[in-house]
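Data first, discussion second: the structure below is written as structure tokens.
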Amino acid sequence: MYITKVEAKIVRTPFNVPFKMTYGKMPPYQSHLIVRITTNTGLTGLGEASELPFFTGETVETMKALVEKKLGPAIIGKPVYALRDIQHSMGII
């Protein structure tokens with residue numbers, strides 16, 4: 001079983017009430033990146049990452065671009081159980 005497709009989608013979850021943090025006022029939503037990996041057998045797995053641009057500098061837009069242009073293509077064709085190989089492929093980007 002090997003990886004055939006990596007997809008990334010941005011999702012914004014609205015907050016029930018607005019709030020502030022020590023970093024400043026938060027937008028009325030939290031942005032998340034949902035990543036779906038599909039195998040040649042049709043099995044799929046999901047992952048999620050939330051942005052903290054005021055802390056890390058990362059936004060969901062930059063994370064999505066990285067997944068689509070670098071990380072995803074680096075693991076296409078890899079066996080799903082070859083975790084060290086997959087981690088190594090993503091780590092050298």
How many angstrom lie between the C-alpha centres of the stretch 34-53 and the stretch 56-76? 12
Please work out how much accessible surface L43 shows to a 1.4 Å probe, ignoring ligands, DNA and RNA, in Å² rounded to 10. 100
Sum -39500 (n - 2.57) across every DSSP H segment of at least 4 residues in the chain, then divide by the residue count to get the 222 nm mean residue ellipticity, nearest 500. -6000 deg cm²/dmol
Heavy atoms of the protein only, probe of 1.4 Å, neighbouring chains included. What is the accessible area of K5 in Å², nearest 10? 100
Could you compute the FRET efficiency for I34 and V80, with r as their C-beta to C-beta distance and R0 at 22 Å, rounded to 0.05? 0.75
Below 8 Å, C-alpha to C-alpha, sequence gap of six or more: please give me the relative contact order for the chain in percent. 33
Per-q log10 I(q)/I(0), the chain, q = 0.22, 0.23, 0.26 Å⁻¹ (Debye; single scatterer per alpha-carbon; no solvent): -1.07, -1.14, -1.34
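Using a 1.4 angstrom probe, figure out how much accessible area the chain has per residue, in square angstrom, rounded to the nearest whole. Walk me through the numbers on the way to the answer.
Values: 6540 Å² over 93 residues.
About 70 Å² of surface per residue is accessible.
Of the accessible area of the chain, with the probe set at 1.4 angstrom, what percent is carbon plus sulfur? Before the final figure, lay out the partial values.
On the way: 3920 of 6540 Å².
So the carbon and sulfur contribution to the accessible surface is 60 percent.
The values are calculated or read from the model by the stated rules, or taken from the named source; none is laboratory data. As the structure is a prediction and not an experimental result, all values here were calculated from the model. As a convention, Cβ positions derive from the backbone with ideal geometry for all residues, glycine included, and neighbour counts pool all protein chains shown. Ligands, DNA and RNA are stripped out before the accessible areas are found, and what is left, the full protein with its side chains, is counted by its heavy atoms. Shrake-Rupley method; radii C 1.70, N 1.55, O 1.52, S 1.80 Å.
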